[in-house]
Each structure stands twice: as structure tokens, then as C-alpha cells.
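Below is one structure, written out as C-alpha cells; comments come after it.
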Amino acid sequence: MAIRGRVGSPKIGLFEPATHRVVTIPNCRVHHPLINRVAAVVRRALVETGLTCYSDKAGLGLVRYLQVVIERSSQTAQVVIVANSATPNPLSALFRLIRERLGDDLHSLWFNSQRDSSNQVLGTDFERWFGPPSVVERFGGAAAASGAAIHYPPGAFGQSNLEIAGQIIEHIRASIPAGACVAEFYAGVGAIGLSILDRVREIRVNELNPQSLAGLELGIAGLEPSERAKVSVFAGPADTEYGMAANADVVIADPPRKGLDPALLDHLRAHPPRRFVYVSCGLASLLADTERLTDGGGLRLATLGAFNLMPFTEHVETVAVFEDV
């Protein structure tokens, strides 16, 4: 949520479309109730500490954004304050009030430095002020049999609708033959790959984001040695790491909205795996990539599923399964 407004009268909420005007949402019915409580505590603490809020027009002011993630098992909040500051020192009084007033509802409290004048919300530097290094999730159904803990540091990508995300993982799991060698691109913290470990003989995972790689490392470290030995990590862009798909029985990709990186797409066309599972959040890119994947005759679209991952929007998450011809 964006934090804007004057000293003593901060606003916490969402931007109006195509503007930097914040609409306050103190009692959002879509949010988890604890998110609303965190926002109220942070707003009151901002008032009492007299800290300035960021101004997009002037490029000045201290506090820019509030990020909140709820850990399902503990029902506690991972809280990140994004600030126009190189260090958390100017926020010390604010952090003390937040920790004191949230009490047992607080999972962890983080500082994120974002001093660029761009619209990018998060900076690259995170500093933990209190609490454990990651929110930990486990996905239900058959995937829970692996016992894998999935770790989400605050800068790692994670789906906000974890119930539906768990259904997607189960759907993917059903597409993986027992004992398969799997290559997974855009793996994030390993929510898919680590949750299907008990079904595969080997999995190679690729990720670029440092925070996601940190979460992936935590997840792998917590595995039993026999399961840990199945996992190989290839850090870097999919455009350079596509070779890890060689001789894999199944390839999984969950790319950003822009779709598959060109070199990976070309590799899949030239060397089609037995099965390719494509998780897409962008319909236009999925259609374009599907046309190219099937154009050479090496892969055919076998099944297509849609999941309402983002309720109250026109978007769906699509899982397309391709098989070699």
C-alpha cells in the first residue's frame, strides 16, 4: 500500500488509476483483517512520530510504502516499511511503536531502501529489524506429503491467494510422471518444485531474483538429505540457463506477464521435452508463445486449465500442458 499525505495526516491505501493520489482503505473487506490492523497501527505511529510521507512530485519525504504478508500457520504479519532513506535509522521510533503495538501479531519487521524517483515500489536492499528471516508456507493436498517448507523473504515474489496457488500446484503435480527428471524455470522460492520433490528423481530449478534465491536456499536447507540431493539450482536469467532443460522429462515454466524468454522458447521448439507445463498470468503472451511452440510441429497443446487466482479482476491464471508429437 502507498503512504502519502502531510505530516500528522498520512494516507495509507491504493493509488487512483493513472495517478499518485492515494485512496485510503482503512477497513478493506478484501484484505485479511490483520492487514487492516497493521495499516491502522502504522498510520497512528506515523502521526505520533511526525515522520514525513513521500511526495512523488517533489521526490522528497521519508516513508513511501507499506507491505504486509500474513503467514497462514501463525496468523502473524511480516511488515515492510519502504522508505526514501539509505538506512533505517530515521525510522527507529516508528519501528519501536509498530513492534510494541502489534505485539504477538507481528511476525517480523523490515526496512527497505527505495531512493529512486521511479514508480518502482521496492528497492533491492532489505534490512531485518525484528523477527525471523522469512514467512514459511506449506501447500496442502498431496503436495504436503513432501513436507517441504516454502520460505518467503520480503523481497521474494509470492502469490497473494495461496489457497488457489495450492490448487495450481496440485494440478501441476498430476502432470508429473512418477520418477521424472524435471527442469523448472522462473522457480521463485520453489513453491512448485519443492512441493513435488517426493514425486521426482531429480529437479533442476532456475531463478534470477536474489530474494527469491535466498528463500529457495532456506527451503532446500530444510530438506532431508535424500530430498536435498535431488535439487540443483541454476541462478541467472532463463535466457542463459535454458540448457538445464536438456534431457528433462518434464519442463515447467511460470514466467512473468511478458512470457517466455526468447532463448528458452527457441530451445523448447528445437528440443521439445516429453511434457511442458506452462503456468501463465498473461493471456496475450501465452497465446503468442503457444503459436510459436506448436508451429514447428514438435509440441502440441494437450490440456488447458484456468484458475481464479485473482478474484474480482478480469485476470485468470492459466496452466497449459504441451506434449511432444
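Considering only DSSP beta bridges where both residues belong to the chain, give the percentage that are antiparallel (nearest 5). Bridges in the chain that DSSP calls antiparallel: roughly 60 percent. Projected label points at residue 16 and residue 164, each 7 Å from Cα along the beta carbon direction, are separated by 2.8 nanometres. Across region 311-320, rounded Karplus estimates of 3J(HN,Hα) from the backbone phi angles (6.51 cos²θ - 1.76 cosθ + 1.60, θ = phi - 60°) give x, 6, 10, 8, 8, 10, 9, 10, 10, 10 Hz, Gly and Pro being marked x.
Over the chain, what is the relative contact order in percent, taking alpha-carbon pairs closer than 8 angstrom and at least six residues apart?
Working: 670 pairs, mean separation 31.9, N = 325.
For the chain, the relative contact order is 10 percent.
Taking region 35-59 and a reference point 7 angstrom along Cα→Cβ of residue 105, the backbone N atoms nearer than 19 Å belong to 35-49.
For the chain, what value does the Rg/Rh ratio take when both radii are computed over Cα atoms and Rh is the Kirkwood radius, given to two decimals? It would help to have the intermediate numbers written out before the result.
Working: Rg = 21.2 Å, Rh = 21.1 Å.
So for the chain, dividing Rg by the Kirkwood Rh gives 1.00.
Packing around the peptides 16-27, 220-231, 248-259, taken as the average count of other Cβ atoms within 10 Å per residue, puts them in this order, highest first: 248-259, 220-231, 16-27.
Label separation (residue 119 vs residue 304): 3.0 nm, computed from points 7 Å beyond Cα along the C-beta direction.
Would you work out the Kirkwood radius for region 285-325? I mean one over the mean of 1/r across all pairs of different Cα atoms, in Å.
On the way: mean 1/r = 0.0885 Å⁻¹.
Computed over region 285-325, the radius equals 11.3 Å.
Could you tell me whether region 2-44 comes out rounded, prolate or oblate from its Cα gyration tensor? Rule is a ≥ b ≥ c as square roots of the eigenvalues, rounded for a/c under 1.5, then prolate if a/b exceeds b/c, otherwise oblate.
Working: a/c = 3.11, a/b = 1.21, b/c = 2.57.
Note, shape of region 2-44 comes out oblate.
Fully extending the segment from residue 29 to residue 178, taken as 0.36 nm per residue of separation minus the present Cα-Cα distance, adds 49.4 nm.
Calculate the FRET efficiency for residue 229 and residue 96 from the Cβ-Cβ distance with a Förster distance of 30 Å, rounded to the nearest 0.05. Kindly include the intermediate steps, with their values, before the conclusion.
Numbers: r = 45 Å, r/R0 = 1.49.
FRET efficiency, residue 229 to residue 96: 0.10.
Computed on region 216-298, the Cα convex hull volume stands at 103 Å³ per residue. State the antiparallel share, in %, of DSSP beta bridges confined to region 136-324, rounding to the nearest 5. About 45 percent, rounded to the nearest 5. Length gained on full extension, residue 263 to residue 6, computed as 0.36 nm times the residue gap minus the Cα-Cα distance: 87.7 nm. Radius of gyration over Kirkwood radius for region 139-230, both on Cα atoms: the Rg/Rh ratio is 0.92. One decimal place: the segment residue 284-residue 87 gains 66.8 nm when fully extended, by the rule 0.36 nm per residue minus the C-alpha distance. Converting phi to 3J(HN,Hα) with the Karplus coefficients 6.51, -1.76 and 1.60 and the offset θ = phi - 60°, region 84-97 yields 7, 8, 7, 9, x, 3, x, 9, 4, 5, 4, 5, 4, 5 Hz in sequence order, with x at every glycine or proline.
Residues whose amide H falls under 5 Å from that of residue 130, counting only those 5 or more places apart or on a different chain, are 109, with hydrogens built in the peptide plane. On the principal axes of its alpha-carbon atoms, region 136-324 has extents of 42, 41, 29 Å, going from largest to smallest. Against the empirical 2.2 N^0.38 Å (N residues), region 2-132 has a Cα radius of gyration ratio of 0.98. Which whole-angstrom value gives the distance between the alpha carbon centres of region 23-83 and region 239-289? Each part's Cα centre sits 37 Å from the other's. A simple rule links phi to the HN-Hα coupling: the Karplus curve 6.51 cos²θ - 1.76 cosθ + 1.60 with θ = phi - 60°, which for region 182-198 gives 10, 10, 10, 9, 6, 7, x, 8, x, 4, 7, x, 6, 7, 10, 4, 5 Hz, with x for Gly and Pro.
Each reported figure results from applying straightforward, stated rules to the coordinates on display, with no laboratory input. In this text, all values refer to a predicted model and were calculated from it rather than measured experimentally. Note: ideal-geometry Cβ built from the backbone for every residue, glycine included; neighbour counts use all protein chains shown.
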